[in-house]
1. Name the residue that is most open to solvent (accessible area, probe 1.4 Å), counting only residues in segment 127-140 that are more than 13 Å from residue 175 (Cβ to Cβ) and touching a residue at least 24 places away in the same chain (Cβ under 8 Å).
2. Scanning segment 239-254 for residues that are modelled with pLDDT under 85 and open to solvent by less than 30 Å² (accessible area, probe 1.4 Å), which turns out farthest from residue 228 (Cα to Cα)?
3. Using beta carbons and a limit of 9 Å, which pairs, at least six apart or on different chains, have the first residue in segment 345-362 and in a strand (DSSP E or B) and the second one among the polar types (S, T, N, Q)?
4. Applying the selection to segment 25-37, what residues are buried (at least 20 other Cβ atoms within 10 Å of the Cβ), of a type in the set (A, V, I, L, M) and over 16 Å from the mean Cα position of the chain (by Cα)?
5. In segment 329-346, which residue that is out of contact with any Ser or Thr (no Cβ under 8 Å at 6 or more places or on another chain) and open to solvent by 80 Å² or more (accessible area, probe 1.4 Å) is nearest to residue 161 (Cα to Cα)?
6. Being among the β-branched types (Val, Ile, Thr) and in contact with a Ser or Thr (Cβ under 7 Å, 6 or more places away or on another chain) is true for just one of 104, 123, 142. Which residue is that?
Amino acid sequence: MMEGVHKKVLVSPLDWGLGHATRCIPIIRKLMEHQYEVVIAASGPSGILLQQVFPELLHLRIPAHTFTYSRTPLLFAVRIIQQIPKLIQQTRKEHEWLQEQQEIHCFDAIISDNRFGMYHPAIPSIFITHQLGLKTGLGRVIDRMIQKIKFRKLRRFNTCWVPDVASGLSAAGSLSHPKYLPDVPVEYIGWLSGIDPADVPVQEDHILILLSGPEPLRTQWEEQLMQELKSFPQPVSFIRGLPQDATEPVQEGNKTYYPNASRDLLSKLISSASCIICRSGYSSVMDLIHLGKKAVLIPTPGQPEQEYLARHLATSGIAPYIAQKDFTLTAAMELYKQYPYKLPDESACNTSNFIVHLEKLLQHPQNITR
């Protein structure tokens, strides 16, 4: 970027779970390193998390995307279809909100992580997703139909950034490398992780459990785990994934329960654990690759994307998985001991490649058409 020129960039992640927010952390850090003025627009737990990580930045409260998942896989598609009108309305509201905020703040670019309303016809607008290919669980015909709808919406943006590698061992598989690509330029920007490794020794047999994801599925799995932990002999650190909860950790024997963890604490706990148990959400997967940690994945029931990712990662040698209905801590430990882990090289994580793409957009926005 030209010396002395400070461009203002709005970064806005979707607020379904924490994954969209956590993978925006390295993007925000790189923007700040390159002297961009960053403004964050977020809501819910995502907004709380980013406020904690970047208290020095301007934070704008954007209309939330309220969305509920079914507790059962059979009702997953029905629940999504029922909420489509609400999602369309919420997208329209966030687009109107952006137009109002642009008049006030005069952003030079927008980076939207899965918020379809966060685009502006007058300034470069970037969409982040690893799901160019869709997995609905309803068959290829439905997957392709929804993909076409998504690609039409992507035409409103100047470019699409995919947090995966362009070639080699892809962490997202056919989700990020589908047979068909959208009309807008697609840039593979490498894996993104908001957690840096800590210089701490690994504690043998120490397990870290990371709860994440939307309600009511987060609470459902927490209740199952709490029962099992009562009789489980190994030391466990259990992060419940509640960024709005400010209560102190609770120690019970060799188990420690954290309502939430700061980035520094999370880095130490992950780095020191011998095994991680977590969902197969894509942001969690990128964190594991970045930190070189062995894990057992538990895909969220009824979420075809996580179920696909778990299968893909297991066959790729990155991590094994267990379906939640079959999960026990004992079974997870047996799988962890037997699985031949082949973790990928983390050098493709948190690169500055996207900065080059952004600067081209800012310098020559007229060359990009919607």
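The values are calculated or read from the model by the stated rules, or taken from the named source; none is laboratory data. Quick caveat: nothing in here was measured; it's all calculated off a predicted structure. Cβ coordinates were reconstructed from backbone atoms using ideal geometry, including for glycine residues, and neighbour counts include every protein chain displayed. Remember, those area values only see protein heavy atoms, side chains included, never the ligands or the DNA or RNA. Shrake-Rupley method; radii C 1.70, N 1.55, O 1.52, S 1.80 Å.
1. Residues of segment 127-140 that are more than 13 Å from residue 175 (Cβ to Cβ), as a first pass: 127-128, 137-140.
This time we only want the ones that are touching a residue at least 24 places away in the same chain (Cβ under 8 Å), so: 127-128, 137-138.
Working: 127: 0, 128: 1, 137: 67, 138: 93 Å².
Of everything passing the filter in segment 127-140, 138 is most open to solvent (accessible area, probe 1.4 Å).
2. Result: 243.
3. Note: pairs meeting the criteria are 349/193.
4. 31
5. Checking each candidate, the answer is 345.
6. 142
For every residue, the table says whether it meets (1) in a helix (DSSP H, G or I); (2) at pLDDT 85 or above.
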position	(1), (2)
52	yes, yes
56	no, yes
63	no, no
68	no, no
76	yes, no
92	yes, yes
97	yes, yes
102	yes, yes
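Per-residue answers, yes or no, for (1) open to solvent by 40 Å² or more (accessible area, probe 1.4 Å); (2) under 22 Å from residue 162 (Cβ atoms):
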position: 98; (1), (2): no, no
position: 103; (1), (2): yes, no
position: 112; (1), (2): no, yes
position: 115; (1), (2): no, yes
position: 121; (1), (2): yes, no
position: 125; (1), (2): no, yes
